[in-house]
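Only one structure is covered here, and it is reproduced in the block below.
The values are calculated or read from the model by the stated rules, or taken from the named source; none is laboratory data. All of these numbers come straight from a predicted model, not from anything done at the bench. Cβ atoms come from the backbone with ideal geometry, glycine included; neighbour counts cover every protein chain shown. The area values use the complete protein model at the heavy-atom level, side chains included, leaving out ligands, DNA and RNA. Shrake-Rupley method; radii C 1.70, N 1.55, O 1.52, S 1.80 Å.
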Amino acid sequence: MTHRRSRPVLSTLSAGIAATALLLGLATSADAAPLPDTTQGGPKDGATAGAVTGPVLTPTGPAPKVKKPGPGIPPIQYFGTIDSFGQNSEHERITRAALACPTGTSPGTTGDCFQPASIRQLAGAKGTMGAIGAPDVDQVFTEAAHCDGADYLNGAGYPRTRAQATSVLLACIAHLKGEFNRGVEKADALVDAAGGVSASATDLSSDCTFVLGVAGRGKCNAIEGFGRALHGTEDFYSHSNWADKADSRYAIGVNNPPGLARTGPAPFLRLAAPAPSASDIPGDLTTGCFSLNPWGCGNRVTHGVLNKDNGIIDPVTGEASSPTTTRGQVAGNFSAAVQAAIADTRAQWAGFRSSLIARYGTVRGQRIACAMTQDDPVRDCR
């Protein structure tokens, strides 16, 4: 059995420190990594593993080994927000694949997609992390911002109950709903009571600031709430077994939890819908435990075992390749997590637009959505 340990403090701080340096202008992200040669063979698909048999703390057979990062690269924490420390701006690329307007198209008056300057604020770009990256700066230790810690394994001796794991996941969803709803509330400033778009509230002549509670222009504040919510929902698919499969070569246990192999968005994660209940959470769902204490995740499914955080994602097509984490390399798990995250991101934006209409009425709500997505909304949102 591979010796399990919590990620070192350096792992936890790496993304936040690098992101803060980027924010302060002390570092700049590298150019996006090129797509690899897709003709090369990838990991072979394995069958979904069955139920847990025997004590989960002492599974039979060798456990899969968690790969360690290469020289100079700290261990991975989340879907990446920068192009360094082993990350490839995965959050940015997922969000662009989901919501950026294809070349030559327009969001229209209902805000179907985001134009270049607007998607830059939401998803980030070279030199800026966007709203999607904010939690990796000022909420790096906030479990609910990344849907960590809802770990459970159905077998004898596991130190957490299903109810405990479900409670943590519901807390994550409540946190993300709060960010989502804050974005809807802040969007009120984009369009005045007469239906006119505010030029000052929607000005993007300079990048927004999304971190440390700094208030900004109306469009920035609305995008921040939505982007922080998206960060957590996208992380859910990397940090959980919702879309993945177990490694069929090894016994089920804490180092190889079962995968649910679900496709599409998780219905209990719809932030525009009423809050889910415990009965809505699948019995074998798990996310990974993370603790700064090296012994804090003893005998539990850890983030290091379960995450599918890193690899290459085409920001136009959403194609995912070259995964670098152990779980991500099994049975196409990295691609499955990315595709589920892209589908969920699109669904969350549809829900956000519906929430704008529910709060502000059809005409004003659609105009606000238009103002969030158009780069010149004063001209184009009438």
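Suppose the filter is more than 21 Å from the chain's Cα centre (by Cα), assigned to a helix (DSSP H, G or I) and over 16 Å from Asp235 (Cβ atoms); does Ala369 pass it?
It is true that Ala369 is more than 21 Å from the chain's Cα centre (by Cα), assigned to a helix (DSSP H, G or I) and over 16 Å from Asp235 (Cβ atoms).
Return the residues of the range 190-206 that are crowded, with 17+ Cβ neighbours inside 10 Å and either under 25 Å from the mean Cα position of the chain (by Cα) or closer than 26 Å to Val137 by Cα (or both); say none if nothing qualifies.
Ala201, Thr202, Leu204
Which condition number does Gly111 fail, the rest of (1) open to solvent by 40 Å² or more (accessible area, probe 1.4 Å); (2) more than 23 Å from Tyr237 (Cβ to Cβ) being met?
(1) is the only condition that Gly111 fails.
Name, by its number, the condition in (1) aromatic (Phe, Trp, Tyr); (2) under 19 Å from Ser89 (Cβ atoms); (3) in contact with a His (Cβ under 8 Å, 6 or more places away or on another chain) that does not hold for Phe334.
Of everything listed in (1) aromatic (Phe, Trp, Tyr); (2) under 19 Å from Ser89 (Cβ atoms); (3) in contact with a His (Cβ under 8 Å, 6 or more places away or on another chain), Phe334 misses just condition (3).
Considering each residue of the range 239-253, count those that are over 19 Å from Pro265 (Cα atoms) and assigned to a loop (DSSP other than H, G, I, E, B), and give that number.
Qualifying residue count for the region: 7.
Only residues that are outside any helix (DSSP H, G or I) and of a type outside the set (D, E, K, R): list them for the range 179-198, please.
Val191, Ala193, Ala194, Gly195, Gly196, Val197, Ser198
For Cys172, only one of the following conditions fails: (1) surrounded by 14 or more Cβ atoms within 10 Å (Cβ to Cβ); (2) of a type in the set (A, V, I, L, M, F, W, C); (3) more than 30 Å from Cys289 (Cβ to Cβ). What is its number?
Looking at each condition in turn, Cys172 falls short on (3).
What do you reckon, is Ala340 open to solvent by less than 10 Å² (accessible area, probe 1.4 Å), more than 21 Å from Cys381 (Cβ to Cβ) and either over 18 Å from the mean Cα position of the chain (by Cα) or not hydroxyl-bearing (Ser, Thr, Tyr) (or both)?
Judged against the criteria, Ala340 is a match.
Give the range 273-296 a look and list any residue that's assigned to a loop (DSSP other than H, G, I, E, B) and either charged (D, E, K, R) or at pLDDT below 95 (or both), or say none.
Asp284, Phe290, Ser291, Leu292, Asn293, Pro294, Trp295, Gly296
Does Ser238 satisfy the criteria of being open to solvent by 30 Å² or more (accessible area, probe 1.4 Å) and either over 30 Å from Arg382 (Cβ atoms) or of a type in the set (A, V, I, L, M, F, W, C) (or both)?
For Ser238, the condition - open to solvent by 30 Å² or more (accessible area, probe 1.4 Å) and either over 30 Å from Arg382 (Cβ atoms) or of a type in the set (A, V, I, L, M, F, W, C) (or both) - is not met.
Please state which of the following conditions Gly227 fails to meet, knowing it meets all the rest: (1) crowded, with 19+ Cβ neighbours inside 10 Å; (2) touching a strand residue (DSSP E or B) at 6+ places or on another chain (Cβ under 9 Å).
Answer for Gly227: the failing condition is (2).
Out of the range 341-358, which residues are under 11 Å from Thr110 (Cα atoms) and either of a type in the set (D, E, K, R) or touching a strand residue (DSSP E or B) at 6+ places or on another chain (Cβ under 8 Å) (or both)?
Arg353
Would you point out which residue out of Val191, Val168, Val211 is at pLDDT 95 or above and over 22 Å from Thr362 (Cβ atoms)?
Testing whether each residue is at pLDDT 95 or above and over 22 Å from Thr362 (Cβ atoms) leaves just Val168.
Output the residues belonging to the range 350-366 that are within 20 Å of the chain's Cα centre (by Cα) and surrounded by 24 or more Cβ atoms within 10 Å (Cβ to Cβ).
Scanning the range 350-366 gives a single hit, Phe352.
Report whether or not Ile313 is within 21 Å of the chain's Cα centre (by Cα), open to solvent by less than 30 Å² (accessible area, probe 1.4 Å) and within 30 Å of Arg359 (Cα to Cα).
no
What's the total number of residues in the range 122-138 that are open to solvent by 30 Å² or more (accessible area, probe 1.4 Å) and part of a loop (DSSP other than H, G, I, E, B)?
Count: 2.
Determine which member of the set Gly218, Gly288 is surrounded by 24 or more Cβ atoms within 10 Å (Cβ to Cβ) and under 30 Å from Ile119 (Cβ atoms).
On inspection, the qualifying residue turns out to be Gly288.
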